[in-house]
Amino acid sequence: MSTVPPNTPYPYPPGTPVAAGQPVVVQPAAVPQQVVVQPAPTPEQFKEAEQRAAHHREPQAVIIYSHSNFFYWWPVWVCGYVMAVLSRYGPGATQIDVGGHLEWFNTSKDLGVIFTMVLFLVVLISNVLVRGKSSIVVVLSIVLAVVLVLYFGWWDQLANWFQMISIHMNMGFYVCVSTLLFAVWFLLTFVHDRLSYWRVTPGQITHDYVIGGSARSYDTRGMVFEKQRNDLFRHWILGMGSGDINISTMGAKRESFSVPNVLFVDSKVAAIQRLIAMQPDEFAAPTT
């Protein structure tokens with residue numbers, strides 16, 4: 001048996017006799033691996049990890065857009081387009097020669113009456129604020145008026161009066177008015193109303209202005225958010241769940257702000273309450 005330099009390949013399996021002069025490799029003994037057993041997390045640590053993971057999944061900012069009262073005018077242009085389609089393809093659609101030009105009308109007087117009533121109700125609801133108990137009083141008054149009409153037998157007489165009302169407008173009127181209203185509604189809702197917004201982050205709320213790039217920030221400690229959505233006609237019927245948000249700051253210089261006509265106000269306020277209850281360091285990126 002002889003020794004050889006280290007790291008020389010050994011062509012025979014262990015235990016095979018080796019003749020004199022043949023190279024031999026001495027393999028070093030294997031070092032046993034150490035296994036470190038980590039202790040199981042406590043229930044408190046597990047709950048804290050779940051909360052931190054939930055915080056990272058939640059949005060880190062909530063954007064609040066305030067809309068003008070013109071947002072509630074969407075039923076007018078929707079109704080106008082429907083009446084335009086009925087004036088062209090609905091029952092009673094006909095062409096009339098007006099000054100050598102053929103114009104589409106509908107012989108039914110109901111189309112013009114319905115459009116006029118929708119326009120009147122939208123103008124009334126979007127400009128007259130009826131909150132809380134006032135909404136209940138208005139609804140009860142309408143119900144009482146209907147009951148009195150039925151009790152005294154005035155329904156047939158009122159129906160005869162309504163039959164005397166005849167309002168006719170051609171298809172061009174409906175298309176023109178609805179298109180103008182839709183264009184203004186779209187620009188106000190998706191362009192003008194987004195030029196300024198409120199951004200709520202953990203511990204801070206900022207009023208941002210797109211044009212000019214100015215911003216004003218406030219600390220959310222002690223800040224009060226109040227949701228107002230008790231106008232039955234404006235917020236529930238036309239606004240589809242919209243509402244107003246009142247913001248009041250605390251401290252030596254107290255200020256109050258009103259953010260009217262916020263869409264999906266329930267989900268917005270719930271997200272804001274979760275954010276202002278958290279500390280900014282809870283959203284720090286996890287260490288790797």
Give me the 1.4 Å probe accessible area per residue for the stretch 142-288, excluding ligands and nucleic acids, in Å².
63 Å²
Per 0.36 nm of contour for each residue apart, how much would the distance between F162 and V98 grow if the chain were fully extended, relative to their Cα-Cα spacing?
20.3 nm
Can you give the accessible area of F152, probe radius 1.4 Å, in Å² rounded to 10?
110 Å²
Over what distance in Å are the Cα centres of the stretch 109-139 and the stretch 163-236 separated?
19 Å
For S108, other-chain or 5+-apart residues with amide H closer than 5 Å (H placed, Pro excluded) are none
Compute the semi-axes of the equivalent ellipsoid of the stretch 95-187, taking the square root of 5 times each eigenvalue of the Cα gyration tensor, and list them largest first in whole Å.
33, 24, 6
So how exposed is R199, as accessible area in Å² (1.4 Å probe, rounded to 10)?
80 Å²
Would you be so kind as to identify which of P91, F152, N106 lies farthest towards the positive end of the dipole of the stretch 78-176, taking Lys and Arg as +1 and Asp and Glu as -1 on Cβ and the Cα centre as origin?
F152
With all protein chains present and a 1.4 Å probe, how do M250, M83 order by accessible area, largest first?
M250, M83
Principal axes of the stretch 118-276: Cα extent on each, largest first, Å:
64, 41, 25
Taking only protein heavy atoms and a 1.4 Å probe, the highest-to-lowest accessible-area order of D244, D219 is D219, D244
With each pseudo-label sitting 7 Å past Cα toward Cβ, what's the K227-S214 distance in nm, one decimal?
3.1 nm
Working out 0.36 nm times the residue gap between R131 and W155, then minus their Cα-Cα distance, what length gain in nm do you get to one decimal?
5.6 nm
Whole-percent pair-distance distribution, where bins are 10 Å wide, for the alpha carbons of the stretch 144-194:
19, 22, 18, 25, 15, 1
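The values are calculated or read from the model by the stated rules, or taken from the named source; none is laboratory data. Please read all numbers here as calculations on a predicted model, not as lab measurements. Glycine gets a Cβ as well: all are built from the backbone with ideal geometry, and neighbour counts include every protein chain shown. Keep in mind that these areas ignore ligands, DNA and RNA; they rest on the heavy atoms of the full protein, side chains included. Shrake-Rupley method; radii C 1.70, N 1.55, O 1.52, S 1.80 Å.
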